[in-house]
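Just below is one structure, and these are the notes that go with it.
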């Protein structure tokens, strides 16, 4: 008699949600039947959570789940049906993960905009069957790499164009302000306290107090509020910060004005909108 593998049974999808709801009638005529039935029931532990959290299934429609479950199980090794079921699974993955994920990558929090399901399916199917494909797989990968940032930047510019212009005008006005000095790459600073200590290298770890504000006076981060200095290497922060710290003597307190190109660019970071220029009060306490 062939040895029954409990591990193989565990690897299968659950056979029942419960003992009712349209389940086939059990016929427990011997120990193997009883064991098989027990495996089916045992595999329903945690099934509801798995279906809702991992498979994105609404358990209101459990009868449809059972219908598909029995159909798939009864198909056995029918390769035609297996291919069809695999297509359904991947189609659901495209609808539930690929489309929302790509839309978020391009449009951010704007839920009113989405990429085209039709175009994604057209590309996927033509690429998979090799018919009427407008580009090779290699060309498609290269297009993804080169176009993603371009498309995202254009979308962000459309949405935040006025804010971007406002920040650019502000940085232009800072450049003309009396007492302002330039560090290069559009980064400016104003000395509040002139320190006499050493100047860190970009690989040095430093201790600083700081407050970061947007052009509209929104404070987005502050070590003063946390009542604890921040500690990090000078090359672990945005480029504008690195440029300031590696020109700043210990003991100094500066106001630093950083254009979006030396900050987060078109990216959104918490309270920091895309294309934001950043205004920092930075107090360099020491080199670790």
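Conditions tested, residue by residue: (1) within 34 Å of the chain's Cα centre (by Cα); (2) surrounded by 12 or more Cβ atoms within 10 Å (Cβ to Cβ).
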{"site": "27", "(1), (2)": "no, no"}
{"site": "65", "(1), (2)": "yes, yes"}
{"site": "79", "(1), (2)": "no, no"}
{"site": "119", "(1), (2)": "yes, no"}
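Condition check ((1) touching a residue at least 60 places away in the same chain (Cβ under 8 Å); (2) over 28 Å from the mean Cα position of the chain (by Cα)) across all residues:
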{"position": "201", "(1), (2)": "no, yes"}
{"position": "206", "(1), (2)": "yes, yes"}
{"position": "236", "(1), (2)": "no, no"}
{"position": "251", "(1), (2)": "no, yes"}
{"position": "255", "(1), (2)": "yes, yes"}
{"position": "264", "(1), (2)": "no, no"}
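Would you mind finding the one in 189, 170 that is surrounded by 12 or more Cβ atoms within 10 Å (Cβ to Cβ) and in a helix (DSSP H, G or I)?
Just a single option satisfies the conditions, and that option is 170.
If only one of 194, 190, 158 is in contact with a strand residue (DSSP E or B) (Cβ under 7 Å, 6 or more places away or on another chain) and either farther than 16 Å from residue 264 by Cβ or not assigned by TED's automatic domain parsing to the domain that holds residue 248 (or both), which one is it?
Step by step, each of 194, 190, 158 is checked, and only 190 is in contact with a strand residue (DSSP E or B) (Cβ under 7 Å, 6 or more places away or on another chain) and either farther than 16 Å from residue 264 by Cβ or not assigned by TED's automatic domain parsing to the domain that holds residue 248 (or both).
Criterion first (in contact with a helix residue (DSSP H, G or I) (Cβ under 7 Å, 6 or more places away or on another chain) and modelled with pLDDT under 90) does residue 135 satisfy it?
yes
If you go through the range 272-288 one residue at a time, how many are farther than 19 Å from residue 224 by Cβ and outside any loop (DSSP other than H, G, I, E, B)? Even if it seems obvious, please write down each step before you answer.
First pass over the range 272-288, keeping only residues farther than 19 Å from residue 224 by Cβ: 273-277, 287-288.
Narrowing further to those that are outside any loop (DSSP other than H, G, I, E, B): 287.
Qualifying residue count, the range 272-288: 1.
Yes or no: residue 140 in contact with a helix residue (DSSP H, G or I) (Cβ under 8 Å, 6 or more places away or on another chain) and not assigned by TED's automatic domain parsing to the domain that holds residue 279?
Yes.
Just one of the numbered conditions (1) surrounded by 11 or more Cβ atoms within 10 Å (Cβ to Cβ); (2) part of a helix (DSSP H, G or I); (3) not assigned by TED's automatic domain parsing to the domain that holds residue 268 is not true of residue 146; which one?
(1)
Which one of these is in contact (Cβ under 8 Å) with a residue 12 or more places away in the chain, farther than 20 Å from residue 241 by Cα and in contact with a helix residue (DSSP H, G or I) (Cβ under 6 Å, 6 or more places away or on another chain): 152, 159?
Matching residue, one of 152, 159: 152.
The values are calculated or read from the model by the stated rules, or taken from the named source; none is laboratory data. The model shown is predicted, which means the values in this text are computed figures rather than measured ones. Backbone-built Cβ (ideal geometry, glycine too); neighbour counts: all protein chains shown.
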